[in-house]
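Written out below as structure tokens is the structure these notes cover.
The values are calculated or read from the model by the stated rules, or taken from the named source; none is laboratory data. This structure is a prediction, so every number in the text was calculated from the model and none was measured. When we count neighbours, we look across all protein chains shown, and the Cβ atoms used for this are built from the backbone with ideal geometry, even at glycine. All accessible areas refer to the heavy atoms of the entire protein, side chains included, with ligands and DNA or RNA removed. Shrake-Rupley method; radii C 1.70, N 1.55, O 1.52, S 1.80 Å.
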Amino acid sequence: MPRYGKIVVIKRNGTDGIIFPLTSTSCLFGRKTECDIRMRLPWVSNEHCKIEINENKEAVLTNLSTVNPTQLNGACFEQPVPLKHGDVLTIIDRSFRFEYPLQSTPKKRRSRSPKDETLQQVAGVELLHKQTPGAKSLDAS
């Protein structure tokens with residue numbers, strides 16, 4: 001099952017609460033039983049806001065409530081807004097943090113030029129000669 005990110009409930013004391021993995025391309029917040037994240041507060045709309053994952057795998061937040069609009073990082077918005085890692089959305093007095101999944105990046109391999117190889121071999125030989133008692137120096141004529 002793909003993971004597009006996660007939604008972290010921010011408790012009233014500021015600590016992290018429940019984590020909801022975002023495994024679908026849409027996440028609906030609201031009071032209806034069909035909502036993915038259901039909030040049973042009378043001031044929350046049946047369908048309050050939603051997060052959708054677009055074709056570029058970007059999360060986009062859309063406000064669906066005209067009475068009590070959703071806030072993003074403390075500000076109201078009218079048009080759908082692309083979310084950034086760590087953005088906080090607030091519905092009435094409840095806050096949630098959106099986080100993209102950690103990308104497992106493959107380690108970059110350093111390409112070696114022939115010159116690098118030669119320098120490493122020379123350094124290895126010098127090190128070997130320094131460690132061997134009675135070994136002759138490379139620069140002996």
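For Ser95, what charge total do you get from the other residues with a beta carbon under 10 Å from its beta carbon, if Lys and Arg give +1 and Asp and Glu give -1?
Details: positive: Lys11, Arg12, Arg94, Arg97; negative: Asp93.
Value of the local net charge: +3.
For region 5-99, what is the accessible area per residue in Å², given a 1.4 Å probe and the full set of protein chains? Please list the in-between numbers first.
Details: 5400 Å² over 95 residues.
Per-residue accessible area for region 5-99 comes out at 57 Å².
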Size of electric dipole in region 5-99: Cβ of Lys, Arg +1 and of Asp, Glu -1, about Cα centre, debye, nearest 20 = 380
Give the residues of region 26-64 whose amide nitrogen is closer than 14 Å to a point set 7 Å from the Cα of Glu78 in the direction of its Cβ.
-> 63
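How would His48, His85 rank on accessible area, largest to smallest, probe 1.4 Å? Working shown, then result.
On the way: His48 0, His85 110 Å².
Sorted descending by solvent-accessible area, the residues read His85, His48.
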Peptides ranked, highest mean first, by Cβ atoms within 10 Å: ranges 35-44, 22-31 | 22-31, 35-44
Pop a pseudo-label 7 angstrom from the Cα along the beta-carbon direction at both Thr33 and Asn56 and give the gap in nm to one decimal.
-> 3.9
Under 14 Å from the Cβ of Val60, count the other residues' Cβ atoms, weight Lys and Arg +1, Asp and Glu -1, and hand me the total.
-> -2
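Under 8 Å for C-alpha pairs, at least 6 residues apart: give me the relative contact order for region 1-85, rounded to a whole percent. All intermediate terms of the calculation are to be shown ahead of the outcome.
Working: 148 pairs, mean separation 15.7, N = 85.
Reported as a whole number, the value is 18 percent.
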